[in-house]
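Colleague: My questions will all concern the structure given below.
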Amino acid sequence: TCALDAGIRFDCDGDSTFSIADVICCARHLLQRTPCPDCPPDTGQVRPEPGVAVGFGTPEEAGGGIALPVRIAGTDLLGGALLTLEAPLDRYDVIGFDVSPPGSWLTLHEVRDGRLVLGLIDIRGGNERAGLGNHQFTLTLALRPGQPAGGQVTAVAGEFSGPDGVTLGVDLGRPSQTLPGSARVALSPNQPNPFSTETAFTLQLVEAAD
């Protein structure tokens, strides 16, 4: 049972809501090391890290869903990460966000304010980090009944922390990947047909566009 003050103690980032961001915030506090009395003072709160990058692999259709590889370069430099994605969530359900092989990372996901938020926390100990291998992260989506396939997934924001809990400065860019689906534009037959003075067509798009 949660304590009476759980709403205060568990709201790590102080925004009065409970989300993945609170889990990442707590992980950062746990990862931070005891201050070193003989070390020079830290002159900034963000450490630039050009070795970390995010991208997407080719999506694959399997078992009625779509498996989208989320490629994260430089995972040995990370202790945690929070990615915000724009995706066609009006047509797809999020089935899972997983890592292979398992056991090295805690993976989290939630839909918040119309966007998909992915969380990663490295759960390996210091000795295990010496034998880092390649890890594959996969986002799985399922098309809702009656909805057209397709659309695009785009990483629009990211927060990254090193193994010591320090915030990392990463140039995320806006990596994106198009999901497999039907043609992006479809034109219906005209109605009425035959006609004398005017007729109408319906233009169908798989996502909002000008």
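The values are calculated or read from the model by the stated rules, or taken from the named source; none is laboratory data. Keep in mind that what you see is a predicted model, and the values were worked out from it rather than measured. Ideal geometry is used to build each Cβ from the backbone, glycine not excepted, and the neighbour counts take in all protein chains shown. Heavy atoms of the whole protein, side chains included, go into the accessibility calculation; ligands, DNA and RNA do not. Shrake-Rupley method; radii C 1.70, N 1.55, O 1.52, S 1.80 Å.
Colleague: In segment 66-77, is there at least one residue being in contact (Cβ under 8 Å) with a residue 12 or more places away in the chain, closer than 13 Å to Ser161 by Cα and of a type in the set (D, E, K, R)?
Modeller: Among the residues of segment 66-77, at least one is in contact (Cβ under 8 Å) with a residue 12 or more places away in the chain, closer than 13 Å to Ser161 by Cα and of a type in the set (D, E, K, R), which makes the answer yes.
Colleague: I've got another one for you. Step by step: first the residues of segment 139-162, then only those that are on the phi > 0 side of the Ramachandran plot and open to solvent by less than 30 Å² (accessible area, probe 1.4 Å), then the one that is modelled with the highest pLDDT. Which residue is that? Please lay out each step first, then the result.
Modeller: Narrowing segment 139-162 to residues on the phi > 0 side of the Ramachandran plot: 146, 150-151.
Next, from what is left, pick out any that are open to solvent by less than 30 Å² (accessible area, probe 1.4 Å): 150-151.
Details: Gly150: 85, Gly151: 88.
Among those residues, the one meeting the criterion is Gly151.
Colleague: Checking Gly64 against (1) open to solvent by less than 50 Å² (accessible area, probe 1.4 Å); (2) at pLDDT below 85: exactly one of these is not met. Which one?
Modeller: All conditions are met except number (1).
Colleague: Now, a different point. Mind telling me which of the residues Leu187, Leu120, Leu203, Leu179 ends up being farther than 21 Å from Ile24 by Cβ, at pLDDT 90 or above and not aromatic (Phe, Trp, Tyr)?
Modeller: That would be Leu179, the only listed residue that is farther than 21 Å from Ile24 by Cβ, at pLDDT 90 or above and not aromatic (Phe, Trp, Tyr).
Colleague: Sticking with this structure for a sec: Considering only residues of segment 49-58 that are out of contact with any helix residue (DSSP H, G or I) (no Cβ under 9 Å at 6 or more places or on another chain) and outside any strand (DSSP E or B), which is least open to solvent (accessible area, probe 1.4 Å)?
Modeller: Start the filter on segment 49-58 by keeping residues that are out of contact with any helix residue (DSSP H, G or I) (no Cβ under 9 Å at 6 or more places or on another chain), which leaves 50, 53-58.
Among the residues that remain, those that are also outside any strand (DSSP E or B) are: 50, 57-58.
Numbers: Pro50: 122, Gly57: 2, Thr58: 99 Å².
Among those that are out of contact with any helix residue (DSSP H, G or I) (no Cβ under 9 Å at 6 or more places or on another chain) and outside any strand (DSSP E or B), it is Gly57.
Colleague: Conditions first: (1) polar (S, T, N, Q); (2) out of contact with any Phe, Trp or Tyr (no Cβ under 9 Å at 6 or more places or on another chain); (3) surrounded by 18 or more Cβ atoms within 10 Å (Cβ to Cβ). Thr75 passes all but one, so which condition is the exception?
Modeller: All conditions are met except number (2).
Colleague: Within segment 174-204, work out how many residues are within 28 Å of Leu68 (Cα to Cα) and either aromatic (Phe, Trp, Tyr) or surrounded by 12 or more Cβ atoms within 10 Å (Cβ to Cβ) (or both).
Modeller: Here the count works out to 10.
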